[in-house]
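Engineer: Here it is: the structure, laid out below.
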Amino acid sequence: MTEIRFYHLTVKALDQVLPEILTKALSTGRRAVVKTVDERQAETLNAHLWTWRPDAFLPHGSAKDGFAADQPVWITTIDENPNKSDILILAGGVVSDQVGAFDLCCEMLDGNDAAAVKAARVRWKDYKEAGYGLTYWQQTDTGGWEKKA
């Protein structure tokens with residue numbers, strides 16, 4: 001069954017955390033789909049991942065780039081898995097009907113947005129009732145992660 005991790009962002013923003021998580025996933029041979037709330041966020045993340053660190057390369061693409069099946073990381077606004085990923089990353093409070101089709105789902109939660117936190121609590125409850133394995137990770141003051149639940 002899918003493992004679901006909630007990442008509570010309180011120190012670093014999504015654009016700072018996402019490259020780190022994707023780099024770790026790719027280093028273990030995994031592939032990822034990143035689902036965003038809209039095209040603007042998708043293309044902002046797509047552009048950022050090309051330049052996030054001058055000494056790093058993070059292969060990825062979106063609908064504007066094409067070749068979805070060849071991309072280790074696919075950034076999208078729709079429920080899809082064109083690159084046969086085992087990780088789904090949900091950004092900006094977006095939801096997916098395909099969570100169960102992945103080994104791991106990472107919910108990236110903006111901890112500075114009270115409405116986002118409230119909505120995430122509802123999703124946590126729904127996931128728990130559905131029988132998913134859940135973990136909750138909160139950022140430390142230094143931007144690292146501490147497992148809270």
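The values are calculated or read from the model by the stated rules, or taken from the named source; none is laboratory data. This one's a predicted model, so the numbers in the text were calculated from it and none came from an experiment. For accessibility, only protein heavy atoms count, side chains too; no ligands or nucleic acids. Shrake-Rupley method; radii C 1.70, N 1.55, O 1.52, S 1.80 Å.
Engineer: Summarise the long-distance tail of P(r) for segment 38-118 by giving the % of C-alpha pairs beyond 17 Å.
Structural biologist: So the pairs more than 17 Å apart make up 52 percent of the total in segment 38-118.
Engineer: OK, next. Among Lys84/Lys148; Lys12/Lys84; Lys12/Lys147; Lys24/Lys147; Lys24/Lys64, which pairs are too far apart, with a Cα-Cα distance over 27 Å?
Structural biologist: Lys84/Lys148; Lys12/Lys84
Engineer: Here's a follow-up. Rg and Dmax in Å for segment 82-149, alpha carbons only: what are they?
Structural biologist: In Å, with Rg to one decimal and Dmax whole: 12.7, 37.
Engineer: For segment 26-78, count the residues as N, evaluate 2.2 N^0.38 Å, and divide the Cα radius of gyration by that value, please.
Structural biologist: 1.08
Engineer: What 222 nm value per residue comes from the helices of the chain, counting each DSSP H run with n ≥ 4 as -39,500 (n - 2.57) and dividing by all residues, nearest 500 deg cm²/dmol?
Structural biologist: After summing the helix terms and dividing by residue count, I get -9500 deg cm²/dmol.
Engineer: Roll a 1.4 Å probe over the protein heavy atoms and report the accessible area of Ser27 in Å², nearest 10.
Structural biologist: Surface open to solvent at Ser27 totals about 90 Å².
Engineer: Here is a further query. For the chain, set up a Gaussian network in which alpha carbons nearer than 10 Å are linked by springs, and say which option among Asn81, Asn112, Asn46 fluctuates the most.
Structural biologist: Its mean-square fluctuation being the largest, the pick is Asn112.
Engineer: Could I ask something else about it? I'm checking a number: the convex hull volume of the Cα atoms of the chain, normalised per residue, in Å³. What is it?
Structural biologist: Given the Cα convex hull of the chain, per-residue volume reads 109 Å³.
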